[in-house]
Structures are given as structure tokens and as C-alpha cells.
Amino acid sequence: MHMRKPRVIVVGAGPAGGACSLSLARTGAFEVLVLDKSQYPRVKVCGSGLSPHALDVLVKLGLRERFAPQHGVIDTMLVRGPEGGEQSLHAGIEAWVVPRVELDHGIVRAAVEHGAELREGTKVLELLRDPAGQVRGVKAESGDIEADLVICADGSPSRFSRDELPKTTIRTIMGWWRGTPYNGRTAHMVWDRRLSGYYAWMFPEPGEVVNIGLTIPENAPEAGRLKALFQELLDEHWGDGLRDAEQVGKWMGHPAVITNRVGPVAEAHAMWVGEAARLVSPGTVEGIGFALESGCIAADVVSRHFQSERGLSMLATASYRARLAASMLPKFWAGEALARGVQVPQVRRMADRLVHSPIGAWLDRTISTVLGDNRREVAARQAADAERPNSDARGAVGSRASSH
């Protein structure tokens with residue numbers, strides 16, 4: 001007798017949804033249906049920077065070579081501190097810039113090549129639940145669609161989030177320019193005091209284009225005049241270079257919800273990944289690497305532990321949450337400390353002195369190495385724990401862990 005494959009609906013075809021869809025489709029064990037309200041390829045508000053961490057995940061997904069012809073490279077970061085100090089940091093590692101219009105489309109296209117179905121122009125309105133409260137599919141504008149599991153990858157703010165803690169929202173605004181002197185392998189990060197602990201950036205994209213934007217807490221004093229503030233920063237920090245440049249398209253904005261914890265991210269028949277799970281660094285507002293990684297971790301948990309009838313056990317949902325926490329929280333905590341520190345005058349002055357000295361690059365490498373090694377060690381331990389057989393004792397631990 002032919003067994004029906006479990007149907008997994010992935011809501012959202014960004015990096016988290018794309019990575020999860022591709023990983024699940026590759027197993028051949030699931031019917032994967034990806035729903036997105038947009039038509040692909042589509043433009044997305046994002047600096048489009050792929051950190052070394054994000055590139056590592058692309059390697060695991062087998063996608064690095066797919067984007068090799070269409071990326072910009074950053075190997076130097078010009079940092080300006082809030083007190084005016086400036087330093088060029090070269091940590092000996094590369095980051096890429098792949099425009100989101102290319103990145104997201106490329107990942108979801110790979111998922112389709114491996115058997116996933118993509119339905120574009122499909123807006124999902126809510127999760128469908130049975131009388132017992134279990135998710136059984138989604139309600140779209142086009143009608144109800146049944147599923148055994150729903151992966152919520154609908155970005156920030158998620159329409160389906162179960163996280164009831166107050167949101168910490170960072171606002172962004174950005175634009176693109178062609179014909180500047182900034183093309184090359186150097187990015188800019190400007191920690192301007194008006195941004196209340198956050199920064200403006202300039203990233204070089206392929207095709208002689210740069211993107212420039214800012215990040216600012218929603219409740220910051222200057223956040224109420226976002227466009228005027230952006231123009232001031234453009235004039236002050238990039239005015240000379242933009243004088244003869246051509247603006248490409250219009251300015252765009254998007255909110256990001258940051259976190260220093262991992263909230264409720266899974267239940268028996270639903271999971272949350274990427275920005276829908278608030279997996280964005282508090283200091284850098286970087287989300288792509290964490291989105292890709294969470295999509296891969298979610299797919300791994302599903303392929304190992306999901307059963308059509310009972311869904312994910314409490315142990316499996318606790319394991320998913322623990323693996324996200326072990327992998328991401330050290331970086332989130334370091335980012336939050338950075339954002340808080342930039343707001344304190346004494347720390348700003350000290351940071352400027354550090355940034356102005358060779359020790360800045362050494363600190364950057366050291367912090368990355370320490371956090372990276374610790375992250376791998378803890379994640380490996382959590383993954384090993386998750387592979388142990390389901391016993392009553394482990395089940396009790398799982399149920400306790402899932403309630404925190």
C-alpha cells in the first residue's frame with residue numbers, strides 16, 4: 001500500500017522559507033507547498049549582506065556556487081564611531097552582497113527544482129485549527145488549504161506569531177544608487193548618535209550599484225522623522241559621492257523585530273522560522289544568516305521527528321527551540337551589548353579609541369572566533385541530546401523545557 005507523504009505548507013519564500021523548503025524537498029519524504037503573496041523575483045528592503053555565517057549555510061544548502069556570479073564582495077569595513085572616530089577593519093574574511101531580488105528567487109527556485117511547488121500571488125490570512133486547537137492548514141484569500149504541518153516564514157511582523165512578549169521594533173529605510181565612487185570591496189557602518197545606538201550603512205552590490213540605509217529603534221526620538229533624518233545622514237556621510245550618482249528606484253522601508261531570547265517557535269503541527277520567529281540580531285539587525293540557519297534546523301527537526309498524526313512531540317519542539325537558542329543567542333547577546341554600549345558616552349569614547357586603533361580588528365576576529373567556537377560546541381551538544389531515544393524521563397525534561 002502506497003503511503004501518502006505528509007504535506008508541509010511553507011508560508012513565505014524568503015531566505016527562511018526557501019531554505020526550509022529546499023531542505024525538506026531534498027529528502028523526498030514530504031510534499032512541500034510554498035505560498036507567497038508576491039510574484040518572484042521581487043525586490044526586498046534589505047542591505048542584502050551575507051555574513052560569513054550566512055555563506056556557511058549556503059554551502060550546506062549547496063547554493064554558494066549558484067550565487068557566485070552575481071555577488072558583490074566586502075572584505076573591509078570602514079567604521080565611523082558616534083564621536084567621529086574612523087577605522088578601516090579588515091578581519092581576513094569575506095562577506096558577500098547578493099541583492100534579495102536574486103537571493104530569495106534563487107533559493108526558492110532550487111526548492112522547486114527538487115520537487116517543491118511554489119504558488120505565487122497567494123496571500124495567507126490565518127492558520128486553520130481543528131476543534132482541539134491543532135493547526136490543520138491555512139486560510140488563503142483563494143480558499144482553505146489543508147496540511148499536516150505549517151511552517152510560518154512570513155517575516156516581520158508575522159501575522160501568525162504566538163509570541164506574546166512586547167515587540168522591540170527597529171525601523172529601516174534605504175535606497176540604491178549607481179555611479180558612486182564607493183564601488184569595490186569596502187562597506188561603511190556609521191554609528192551616528194541620532195540613531196540611538198544603531199547605525200547607517202553602505203554596501204556595494206554587483207553592477208556598480210550601492211545600497212545605503214539606516215536602522216533606528218521605533219521609539220527613538222528621531223524615528224518620527226525618518227525620511228528627513230535619512231536625507232541628513234546621506235548629505236553628511238555620503239554627500240560628495242552621491243552628488244553625480246543616479247538613484248535607482250525609490251527609498252523603501254521595513255520594520256524588523258529583534259530579540260535576545262527564543263520565544264515560542266513550535267507546536268505539534270506548526271513551526272516559526274526566521275524573522276517570523278523574531279530571529280534578528282539586536283545589535284546589527286542582521287537576519288539573513290539566522291533565517292537561513294533556522295530554516296535548515298527546522299527542516300532537520302521535521303525530517304527526524306515529524307509524524308503525520310501526532311505531529312511534533314513536546315521533546316521535538318523543545319529540541320528545535322534549544323538548537324536555535326544554542327546557535328543564535330550568543331551572537332544576539334553580543335549584539336545587544338554593542339547597541340547598549342554605543343548609547344553610553346564613556347563607552348562611545350572608549351569604543352572610538354578602540355575603533356581608531358589596530359586593536360579594533362583584533363577584537364573583531366577574537367569575538368567572532370570565541371562566539372563561533374562556543375556556538376558550534378553548544379549546538380553539537382544540543383543536537384546530540386536531541387538524537388537520544390524518546391524515554392519518559394526525556395519527555396518530562398522536554399515538557400519542562402518547552403514551557404520556559
Can you give me the accessible area per residue for segment 110-156, using a 1.4 Å probe, in Å²? 47 Å²
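Could you tell me which of rounded, prolate or oblate describes segment 95-247, using a ≥ b ≥ c as the square roots of the eigenvalues of the alpha-carbon gyration tensor, with rounded for a/c under 1.5 and, failing that, prolate when a/b is larger than b/c and oblate otherwise? The partial results should precede the final answer.
On the way: a/c = 3.21, a/b = 1.69, b/c = 1.90.
Because a/c hits 1.5 or more and a/b fails to exceed b/c, segment 95-247 counts as oblate.
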How long are the three semi-axes of the equivalent ellipsoid for segment 187-252, computed from the Cα gyration tensor as the root of 5 times each eigenvalue, in whole Å, largest first? 21, 12, 11
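Dipole magnitude of segment 79-217 about its Cα centre, charges +1 at Lys/Arg Cβ and -1 at Asp/Glu Cβ only, in debye to the nearest 20?
On the way: 16 positive and 20 negative charges, 104 e Å.
I would put it at about 500 debye.
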Cα pair distances exceeding 28 angstrom across segment 1-154, given as percent: 33 percent
Once amide H atoms are placed 1.01 Å from N in the peptide plane, what residues at a sequence separation of 5 or more from ALA140, or on another chain, have their amide H within under 5 Å of its amide H? LEU125, ILE145
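Which entries of LYS44/LYS123; LYS37/LYS227; LYS44/LYS331; LYS227/LYS250 have Cα-Cα distances beyond 19 Å here? Each step should come with its number before you reach the end.
On the way: LYS44/LYS123 17 Å; LYS37/LYS227 27 Å; LYS44/LYS331 24 Å; LYS227/LYS250 12 Å.
Too far apart for the 19 Å limit: LYS37/LYS227; LYS44/LYS331.
Between the DSSP loop rule and a limit of at most 16 other Cβ atoms within 10 Å, which trypsin sites (Lys or Arg not before Pro) in segment 66-141 are left? Let's see the in-between values first.
Details: sites: ARG66, ARG80, ARG100, ARG109, ARG119, LYS123, ARG129, ARG136, LYS139; in loops: LYS123.
Sites meeting the loop and neighbour criteria: LYS123.
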Taking θ as phi - 60°, what are the ³J(HN,Hα) couplings along segment 54-71 by the Karplus curve (6.51, -1.76, 1.60), each to the nearest whole Hz, with x for Gly and Pro? 5, 5, 4, 5, 4, 4, 4, 7, x, 10, 4, 5, 4, 9, 4, x, 10, 10
Normalise the Debye intensity by I(0) for segment 53-96, one equal point scatterer per Cα, no solvent, then take log10 at q = 0.28 Å⁻¹ and round to two decimals. -0.99
Identify the trypsin sites (Lys or Arg not before Pro) of segment 247-316 meeting these criteria: DSSP loop state and at most 14 other C-beta atoms within 10 Å of the C-beta. ARG261, ARG310
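The values are calculated or read from the model by the stated rules, or taken from the named source; none is laboratory data. The structure displayed is predicted, hence computed values, not measured ones. Reconstructed Cβ throughout: ideal geometry from the backbone, glycine too, with neighbour counts over all protein chains shown. Surface areas here come from the heavy atoms of the whole protein model, side chains and all, with no ligands, DNA or RNA. Shrake-Rupley method; radii C 1.70, N 1.55, O 1.52, S 1.80 Å.
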